There are 4 protein chains.
Amino acid sequence: MKYGLVGYSGRMGKLIREVFDEHGHVLVYRCDDKTEEAVERPDVIVDFSLPEAFEKTLKTAQQYDRPVPLVVGTTALNNDDIADLKAVSKKVAVVYARNFSKGIRLMRKIVDGLNEWGSFSANEDWDVEIIEKHHRFKKDKPSGTAKMLAEAFDFNVPTSSIRAGGIPGEHAVLIAGLGELIEIKHQAISPRTFAEGACFAAEKAVDLEPGFYTFDDICKLEEKNG
Amino acid sequence: MKYGLVGYSGRMGKLIREVFDEHGHVLVYRCDDKTEEAVERPDVIVDFSLPEAFEKTLKTAQQYDRPVPLVVGTTALNNDDIADLKAVSKKVAVVYARNFSKGIRLMRKIVDGLNEWGSFSANEDWDVEIIEKHHRFKKDKPSGTAKMLAEAFDFNVPTSSIRAGGIPGEHAVLIAGLGELIEIKHQAISPRTFAEGACFAAEKAVDLEPGFYTFDDICKLEEKNG
Amino acid sequence: MKYGLVGYSGRMGKLIREVFDEHGHVLVYRCDDKTEEAVERPDVIVDFSLPEAFEKTLKTAQQYDRPVPLVVGTTALNNDDIADLKAVSKKVAVVYARNFSKGIRLMRKIVDGLNEWGSFSANEDWDVEIIEKHHRFKKDKPSGTAKMLAEAFDFNVPTSSIRAGGIPGEHAVLIAGLGELIEIKHQAISPRTFAEGACFAAEKAVDLEPGFYTFDDICKLEEKNG
Amino acid sequence: MKYGLVGYSGRMGKLIREVFDEHGHVLVYRCDDKTEEAVERPDVIVDFSLPEAFEKTLKTAQQYDRPVPLVVGTTALNNDDIADLKAVSKKVAVVYARNFSKGIRLMRKIVDGLNEWGSFSANEDWDVEIIEKHHRFKKDKPSGTAKMLAEAFDFNVPTSSIRAGGIPGEHAVLIAGLGELIEIKHQAISPRTFAEGACFAAEKAVDLEPGFYTFDDICKLEEKNG
């Protein structure tokens with residue numbers, strides 16, 4: 001597979017190159033805020049960079065006779081950006097997600113399941129709490145993933161945020177009854193896991209019909225074929 | 001509610017009486033391996049005792065003009081016992097489960113969900129392990145609940161069993177990828193939680209149509225009405 | 001051993017009786033805020049009740065020809081109370097502690113050790129955080145034990161408090177470096193553990209010289225003889 | 001500081017170069033099983049490679065007029081190797097340890113402390129268990145660190161080993177009483193932590209008197225000066 005990479009020189013860009021290289025994919029287009037280098041039409045363009053780069057990414061994808069599928073993990077896109085992305089998805093496959101971790105996806109599915117099975121809001125038997133831990137350099141509290149998990153419940157979920165040392169990232173949902181506890185915990189071992197998710201999505205995107213796909217949609221494709 | 005209790009003098013029997021008393025239910029029939037005392041027809045009979053008592057429980061439930069609903073948590077019933085129980089369930093509501101914990105039920109639902117969403121057997125990306133911890137007096141390894149959780153996967157799941165101190169009971173399912181981990185853990189705080197589950201089931205059983213119900217069936221009733 | 005019990009009808013009083021009974025000790029003096037009953041001179045008086053009862057406990061201990069050793073676990077005694085207790089300890093053995101758990105004692109010793117071995121305050125390599133979890137009915141945040149653990153460090157230790165379901169009590173000290181983490185965690189399984197500590201202390205107090213002893217002092221006695 | 005590195009092209013060698021570079025140290029001697037390159041006399045030689053390289057490392061350190069201090073983390077050195085190393089330490093500072101993690105050192109100190117404070121072997125009140133988790137590629141069970149921790153107790157400590165996914169390395173010592181639990185857990189976040197320890201030791205070794213030092217000795221130096 002030939003791929004393009006927006007933001008190739010950033011921290012996430014380097015991880016993406018490392019993982020795509022290991023999978024045997026070839027970088028044929030790359031840019032960052034200073035340079036741009038195009039060898040030939042890529043089969044897919046990957047953008048996990050900043051919102052400022054986004055407009056250019058959209059143009060680049062459409063400048064070829066055949067538009068190029070997109071895998072976008074840029075967080076903080078605004079509503080107009082998303083609308084533009086959806087417009088492009090009429091012509092070519094677009095995968096967009098705020099989180100490309102298969103584990104976080106499973107966490108979210110578990111939490112959705114708990115709400116379906118457990119009627120937590122219908123009675124007073126269970127308390128729900130979220131505890132998230134990250135390295136000392138992460139400033140936002142609570143994390144975006146913690147917010148996403150809390151939003152799955154239809155009541156307010158108290159969230160504790162720990163910032164200490166080099167913790168790569170941990171999210172725990174605690175479901176506490178009077179006589180028993182359930183804890184669902186996700187631990188990131190390495191930020192590479194997000195690059196792995198991007199690679200997985202890019203490999204699927206190449207063969208997809210035009211459309212707007214979430215990471216969950218992509219994972220479901222695997223299950224059907226698996 | 002008036003209830004009968006088979007095995008009222010055992011450890012589980014005492015907990016059941018404690019919980020049923022707190023809920024305002026009145027004990028009108030009780031027996032153990034030595035004594036039997038019947039004041040009047042109970043609205044439901046609860047049996048969490050030993051297989052030896054089971055035949056008598058079946059007879060007692062059917063000796064009244066209107067047969068008495070049954071809540072049975074006796075483990076180690078054999079296939080003939082289950083067949084007898086199902087025959088009785090043609091005439092009256094029978095709730096039968098090996099585990100009356102709402103939390104363990106959720107654990108099982110999560111694990112079933114993981115298998116549905118994650119295609120763990122279809123690829124080599126994830127390792128699954130179970131770790132269970134119990135008090136030093138528990139002799140069987142692995143626990144019945146650990147076996148039940150392992151059976152949800154269609155491949156062999158390595159299980160580690162810890163027996164130490166007074167740990168009331170802990171079951172963890174570890175889903176380990178190369179870049180991330182998910183752990184789903186259940187901790188019993190108190191054995192009372194099983195008596196609470198029995199009380200919950202008994203209160204439902206009183207009003208149910210004849211039939212053979214699992215604990216999961218009973219919990220689903222609450223969700224519908226909740 | 002014959003023992004006296006102040007506050008015998010309260011929650012802690014009941015646990016103490018249960019544990020002392022199992023150890024074969026005989027209750028010969030008991031009182032609460034309404035009743036008092038004395039059969040004969042006790043070998044030791046145990047008071048884990050409220051500050052209001054404390055003055056009477058001191059008097060009772062001294063009303064016999066030979067004053068009676070005291071084991072006091074009443075929290076919230078004021079400085080005057082402690083001064084009175086120390087005065088009595090000139091004449092008879094007094095064991096006083098805010099926490100009679102052997103495990104919490106070990107936690108404290110570990111934390112003191114960490115400060116000695118790790119020079120946490122001398123550099124910026126490690127972050128320290130405390131996380132404590134208790135049942136939904138506990139109102140004070142952070143717990144007294146969390147405060148005690150935090151005080152062992154000569155800098156401010158951020159503390160997160162979770163109140164959920166029926167959690168009996170959990171205290172974790174997290175020592176987080178950039179490349180590794182250490183967590184020291186104490187979990188209460190049952191409030192009986194404090195009654196066990198009281199019984200252990202009472203059995204020692206009977207044979208001790210007059211003096212003012214902490215729970216740590218009592219535990220050290222066992223180590224020497226053990 | 002100018003340093004030499006034996007096994008510079010291996011996995012650990014690369015991490016060591018990365019960390020030493022960040023600390024501003026200059027590589028002036030390097031070798032692996034195929035190549036050797038010497039620019040000038042290093043202030044210290046670091047060897048975390050294989051036993052086969054060890055003899056040459058000893059020679060290299062002594063080939064200069066002033067012998068070069070050594071930091072050796074090669075595991076699986078035999079008794080003769082250690083004897084040779086001790087002989088060299090008469091002339092120059094040698095730091096030798098099987099584990100250069102400050103966190104594992106603290107774990108060991110905690111465990112030693114527990115044995116001193118807790119009289120675990122003198123009574124039957126506590127059960128001790130070790131649980132260690134590593135990535136699926138680690139073949140030895142239990143890990144060397146788990147063995148080291150178990151050896152601190154004067155009785156047999158049951159050890160459970162989990163091998164799953166990409167877990168960087170986790171060691172937990174569980175101290176379980178009937179009414180309470182203590183868990184002491186170490187988690188490696190990144191193998192870089194061992195390279196950090198090596199760098200820390202090398203920076204100290206440069207100024208040390210001849211002698212045979214453990215990693216614990218080096219850490220204590222910091223405490224004294226800190």
*Residues of segment A:168-190 being in contact (Cβ under 8 Å) with a residue 40 or more places away in the chain and away from chain C (no Cβ under 13 Å), which ones?*
A:171, A:184, A:186, A:188
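I'm trying to understand the selection: among the residues of segment C:77-107, which are more than 10 Å from chain D (Cβ to nearest Cβ), touching a residue at least 60 places away in the same chain (Cβ under 8 Å) and in a helix (DSSP H, G or I)? Show your work before the answer.
Taking segment C:77-107 and keeping what is more than 10 Å from chain D (Cβ to nearest Cβ), we get C:77-100.
When the remaining residues are screened for being touching a residue at least 60 places away in the same chain (Cβ under 8 Å), the result is C:85-86, C:89-97, C:99-100.
Residues satisfying the conditions are C:85, C:86.
Just the residues that are in a strand (DSSP E or B) and of a type in the set (Ser, Thr, Tyr), please, taken from segment A:181-216. Give the steps one after another, and end with the answer.
Going residue by residue through segment A:181-216, those that are in a strand (DSSP E or B) are A:181-188, A:211-213.
Selection gives A:213 alone.
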*Scan segment D:179-199 residue by residue and report those that are closer than 30 Å to residue C:196 by Cβ and surrounded by 21 or more Cβ atoms within 10 Å (Cβ to Cβ).*
D:179, D:180, D:181, D:182, D:184, D:186
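Restrict the check to segment B:72-90 and report whether at least one residue is at positive phi and in the same structural domain as residue B:213 (by TED's automatic domain parsing).
First, the residues of segment B:72-90 that are at positive phi: B:76.
Keeping just the survivors that are in the same structural domain as residue B:213 (by TED's automatic domain parsing) gives B:76.
Yes; the residues of segment B:72-90 include at least one that is at positive phi and in the same structural domain as residue B:213 (by TED's automatic domain parsing).
In segment C:115-134, which residues are at pLDDT 90 or above and within 10 Å of chain D (Cβ to nearest Cβ)? Break it down into steps so the answer makes sense when it comes.
Initial filter on segment C:115-134 (at pLDDT 90 or above): C:126-134.
Within segment C:115-134, C:126 is the sole residue that qualifies.
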_Tell me the residue from D:141, D:147 that is within 14 Å of another protein chain (Cβ to nearest Cβ), without any contact (Cβ under 8 Å) to a residue 24 or more places away in the chain, surrounded by fewer than 16 Cβ atoms within 10 Å (Cβ to Cβ) and under 26 Å from residue B:181 (Cα atoms), please._
D:141
*Among the numbered conditions (1) under 30 Å from residue D:168 (Cβ atoms); (2) outside any loop (DSSP other than H, G, I, E, B); (3) modelled with pLDDT under 95, tell me where residue B:178 comes up short.*
(2)
*Would you mind stating whether residue B:73 is small (Gly, Ala, Ser), closer than 26 Å to residue A:116 by Cα and out of contact with any Phe, Trp or Tyr (no Cβ under 6 Å at 6 or more places or on another chain)?*
no
*asked:* Going residue by residue through segment C:191-207, is there one that turns out to be within 11 Å of chain A (Cβ to nearest Cβ) and of a type outside the set (Asp, Glu)?
replied: no
*Across segment B:135-149, what is the total count of residues that are at pLDDT 90 or above, part of a helix (DSSP H, G or I) and not aliphatic (A, V, I, L, M)?*
2
_Positions within segment D:181-199 being modelled with pLDDT of 95 or more, farther than 21 Å from residue D:110 by Cα and not small (Gly, Ala, Ser), in sequence order_ = D:199
*Inside segment C:1-52, counting only strands (runs of 3 or more DSSP E) that do not spill past its ends, which hold 2 or more residues that are surrounded by fewer than 20 Cβ atoms within 10 Å (Cβ to Cβ) and assigned by TED's automatic domain parsing to the domain that holds residue C:71?*
C:26-31, C:36-38
_Residues (among the charged types (D, E, K, R) and at pLDDT below 95) located in segment D:82-101_ = D:98
*asked:* Condition check: surrounded by 19 or more Cβ atoms within 10 Å (Cβ to Cβ) and of a type in the set (Asp, Glu). Does residue B:222 satisfy that?
replied: no
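Could you list all residues from segment D:150-175 that are closer than 30 Å to residue A:102 by Cα and not in a strand (DSSP E or B)? Spell out the reasoning first.
Start the filter on segment D:150-175 by keeping residues that are closer than 30 Å to residue A:102 by Cα, which leaves D:160-172.
Hits for segment D:150-175 are D:164, D:165, D:166, D:167, D:168, D:169.
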_Conditions (1) within 14 Å of chain A (Cβ to nearest Cβ); (2) in contact with a helix residue (DSSP H, G or I) (Cβ under 8 Å, 6 or more places away or on another chain): number failed by residue B:112_ = (2)
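What number of residues in segment B:43-57 are free of Cβ contacts under 8 Å to residues at least 40 places away in the same chain and out of contact with any Asp or Glu (no Cβ under 7 Å at 6 or more places or on another chain)? Break it down into steps so the answer makes sense when it comes.
So in segment B:43-57, the residues free of Cβ contacts under 8 Å to residues at least 40 places away in the same chain come out as B:51-52, B:54-55.
If we keep only those that are out of contact with any Asp or Glu (no Cβ under 7 Å at 6 or more places or on another chain) too, we end up with B:52, B:55.
Residues in segment B:43-57 being free of Cβ contacts under 8 Å to residues at least 40 places away in the same chain and out of contact with any Asp or Glu (no Cβ under 7 Å at 6 or more places or on another chain): 2 in total.
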*Looking at D:74, D:57, which one is among the hydroxyl-bearing types (Ser, Thr, Tyr) and closer than 30 Å to residue D:173 by Cβ?*
D:74
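The values are calculated or read from the model by the stated rules, or taken from the named source; none is laboratory data. As the structure is a computational prediction, the values presented were derived from the model and not from experiment. Positions of Cβ are backbone-derived with ideal geometry, glycine not excepted, and every protein chain shown enters the neighbour counts.
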